[in-house]
Amino acid sequence: MENRVFRDTMGKFATGITVVTTESEGNIHGMTVNSFMSVSLEPKLVAISIDEKASMHTLLPQTRKFTVSFLKDDQQKLSMIFAKQLIEETSIEFDRLDGQPVLKDALAAISCEVTDSLKAGDHTIFIGEVTGLTKKDGDPLLYFGGKYRNLEKIE
């Protein structure tokens, strides 16, 4: 099967948008990730899938920590910046959660310690144990069919 057909088919699954960050030698690194999921309640585990060509793929085994910021419906620009779809000089504001950088004003954020990893094709799945979390009111930024979307409220 062709890669484009596979990608288009996977695009039929609506996802939330997250930005994964880690800090190395005082520098914050981040990337947009929609391949994120909750794995376990006891212990509290999540998984992220990172392409082996991404710089984050090299950093996570070194830092052994990452955060996941869940983007709000008005944070599309941040998603595009961290996905390298939008290249512009902009100051990005971070808060701290469990000592790690998270995006300011994110809908929710979690901090994690890497507990395991698994090579899966051209990606690695990193398992993180949640060490901290925060959440706010609001609606999520979504991605479906190759486009950003917002929730439509049905009354």
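Points worth noting:
- Residues in region 98-110 include none that are hydrophobic (A, V, I, L, M, F, W, C), in contact with a helix residue (DSSP H, G or I) (Cβ under 6 Å, 6 or more places away or on another chain) and surrounded by 18 or more Cβ atoms within 10 Å (Cβ to Cβ).
- Complete set of residues in region 134-151 that are surrounded by 15 or more Cβ atoms within 10 Å (Cβ to Cβ) and without any contact (Cβ under 8 Å) to a residue 60 or more places away in the chain: 134
- Which listed residue, of 25, 2, is loosely packed, with under 12 Cβ neighbours inside 10 Å, under 19 Å from residue 98 (Cα atoms) and not hydroxyl-bearing (Ser, Thr, Tyr): 25
- Check on residue 46, surrounded by 13 or more Cβ atoms within 10 Å (Cβ to Cβ), of a type outside the set (D, E, K, R) and within 14 Å of residue 126 (Cα to Cα): yes
- Residue within region 14-25 that is acidic (Asp, Glu) and within 16 Å of the chain's Cα centre (by Cα) present: yes
- Conditions (1) among the aliphatic types (A, V, I, L, M); (2) in contact (Cβ under 8 Å) with a residue 40 or more places away in the chain; (3) closer than 16 Å to residue 34 by Cβ; number of the one not met by residue 130: (3)
- Test: residue in region 86-94 that is out of contact with any Lys or Arg (no Cβ under 9 Å at 6 or more places or on another chain) and either more than 27 Å from residue 144 (Cβ to Cβ) or surrounded by 20 or more Cβ atoms within 10 Å (Cβ to Cβ) (or both): yes
Residues are listed down the side, and each one gets a yes or a no for (1) of a type outside the set (A, V, I, L, M, F, W, C); (2) farther than 24 Å from residue 42 by Cβ; (3) modelled with pLDDT of 95 or more:
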{"site": "88", "(1), (2), (3)": "yes, yes, no"}
{"site": "100", "(1), (2), (3)": "yes, no, yes"}
{"site": "107", "(1), (2), (3)": "no, yes, yes"}
{"site": "117", "(1), (2), (3)": "yes, no, yes"}
{"site": "126", "(1), (2), (3)": "no, no, yes"}
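The values are calculated or read from the model by the stated rules, or taken from the named source; none is laboratory data. Everything numeric here is computed off the predicted structure, so don't read it as measured data. Positions of Cβ are backbone-derived with ideal geometry, glycine not excepted, and every protein chain shown enters the neighbour counts.
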